[in-house]
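Everything on this sheet refers to the single structure shown next.
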Amino acid sequence: MSGKKTLMVLISLDHNWKIFSQGVIQMKFLRIVVLSFMSLTSASYGNEVHDVNIEKLEKLKKIDKNDAQKILDYCDNPLAWSALNYSIEVDDLRAALLIVDYTMDINRKDCAYSLKPSKHHHQINALQRVLYRASFIHKQKSLSDHQQMLVRKLIDKGIQVDQLVDFGQGSPTVYLCMFNEVELVKELLDRGVDINQKSGRLLSSALACGYVEMVHMLLDQGADVNLIDMLHSSILGQKCELIQLALDLGCNIHKTDVVRTSMNYVWSEAKKLDGNIPCNLQALECLHFLLTNGADPNFWIQEAINDNKSPNEVFSKSPLGIALRIFDSEASFQQKWYQQFLINLLLDYGAVIP
């Protein structure tokens, strides 16, 4: 087929694709775009072609043969995903940046997992995929230049940005908070994303990561500091300066998360940080900071008395009760020293056994 005829097919399809099923046309459309370019590389065209979209033609000329063949391969990927989702899954962001211009369904969702794809698994779009892979697969602390470009391009193309997913960290906006993308988050908020989605996850994520600028931007945009107890999230990072920031913002040091106060949270997170021994220097520093800022080691016991319950029923929930229950006499000398120091610290600040 000549370059002129191929372009005419492309233009006709581009103007009339809505009369077809999107599920059938998606791959065919992108395939014709690429094949049109491959035809153009060997065909001549000139002033006799008057109804060509010159801008689209110039874009086609920028795709080299290798990219064209690669995109064709992605159209026929073994998972039957969209070429856009598949290119992101295999970390070919350069190809993804090209595909975005021609994909007909920017919000197409495919399985979140490529190893064992199933229609029963979570389905995510291209924006969720690139952010999920950066965070959980590659363990990145910030987005690369190509990832930033792709995220911005997807947003500009109108991809859904306020969808919540049932795994990982939630919405794309939460991911961007964790990557400290202040301007992108602000742009999404300006586009109508709920700043208090998922019970304030944006604000707590920014605080947990230590992004002070992001925290203040979210507060300026109307984030509800009372929606959650950010102390729990700040302690995830084991940073006393973040706890101080949370306290300055008005967080209740005794507010509970399910059955835990912020002091109990120190124990559970310290256990994750140091194998099976829920003690380390960071946890000690964190607990000492809470105690010096007014945390009551007998909070649960006093709550039981106020509710006319036996203090013994809730002692196991108190920091001292937890410390005594999991004290390990078989631990190493250093680990036992940490545990003993922690118990003594609680006793010094008035912890009691009912």
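The values are calculated or read from the model by the stated rules, or taken from the named source; none is laboratory data. This one's a predicted model, so the numbers in the text were calculated from it and none came from an experiment. Note that each Cβ is placed from the backbone with ideal geometry, even for glycine, and that neighbours are counted across all protein chains shown.
A Cβ distance below 9 Å, combined with a sequence gap of six or more or placement on separate chains, defines the contacts here; from the stretch 164-185, residues that are closer than 10 Å to ARG201 by Cβ and at pLDDT 95 or above reach no residue that is part of a loop (DSSP other than H, G, I, E, B) and not aromatic (Phe, Trp, Tyr).
Mind listing whichever residues of the stretch 122-162 are touching a strand residue (DSSP E or B) at 6+ places or on another chain (Cβ under 7 Å) and surrounded by 20 or more Cβ atoms within 10 Å (Cβ to Cβ)? Matches in the stretch 122-162: TYR132 only. One residue alone among PRO319, PRO278 is within 32 Å of the chain's Cα centre (by Cα) and modelled with pLDDT of 80 or more, and that residue is PRO319.
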